[in-house]
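The values are calculated or read from the model by the stated rules, or taken from the named source; none is laboratory data. All values derive from a computational prediction rather than experimental measurement. Note that we place each Cβ from the backbone using ideal geometry, even for glycine, and neighbour counts take in every protein chain shown.
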Amino acid sequence: MSRAMNVKLSEDEIVSKCNAAGVSISAIEPLPSGATHLVCTTSEGAHQMRIKFKAHLIEGRVKRFPFYVPQSRW
């Protein structure tokens with residue numbers, strides 16, 4: 001199972017919900033659509049967050065920013 005998912009929530013909301021669930025984040029980046037690309041550290045954590053974000057998940061491919069440089073925030 002993939003550790004990555006695209007979620008129709010802000011980065012702050014995702015970080016907050018992951019912290020509350022005890023799920024660590026490997027990478028997070030904004031998407032041009034205003035959604036967020038999330039990669040959890042473990043597949044178990046990703047499964048747990050897919051359940052929590054079920055109503056906010058984006059299915060299929062999404063457009064991402066080229067050459068995105070992450071800023072460490074968590």
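With the requirement that a residue be without any contact (Cβ under 8 Å) to a residue 40 or more places away in the chain, under 19 Å from R61 (Cβ atoms) and of a type outside the set (A, V, I, L, M), what does the stretch 1-39 give you? Correct list: P30, P32, S33, G34, T36, H37.
Only one entry of S2, S43, S24 meets the criterion of being of a type in the set (S, T, Y) and in contact with a Cys (Cβ under 8 Å, 6 or more places away or on another chain), and that entry is S24.
Identify, please: which residue in the stretch 34-50 is modelled with pLDDT of 95 or more and over 13 Å from R3 (Cα atoms) and is, among those, farthest from the chain's Cα centre (by Cα)? I'd like the intermediate steps shown before the answer.
Here is the first cut: in the stretch 34-50, the residues modelled with pLDDT of 95 or more are 35-50.
Those left that are additionally over 13 Å from R3 (Cα atoms): 35-36.
Values: A35: 9, T36: 6 Å.
Checked the stretch 34-50; the qualifying residue farthest from the chain's Cα centre (by Cα) is A35.
Of note, A4 does not satisfy the criterion of being small (G, A, S), crowded, with 17+ Cβ neighbours inside 10 Å and closer than 27 Å to F67 by Cβ. Of the residues making up the stretch 52-61, those that are closer than 11 Å to M5 by Cβ, at pLDDT 95 or above and loosely packed, with under 14 Cβ neighbours inside 10 Å number 1.
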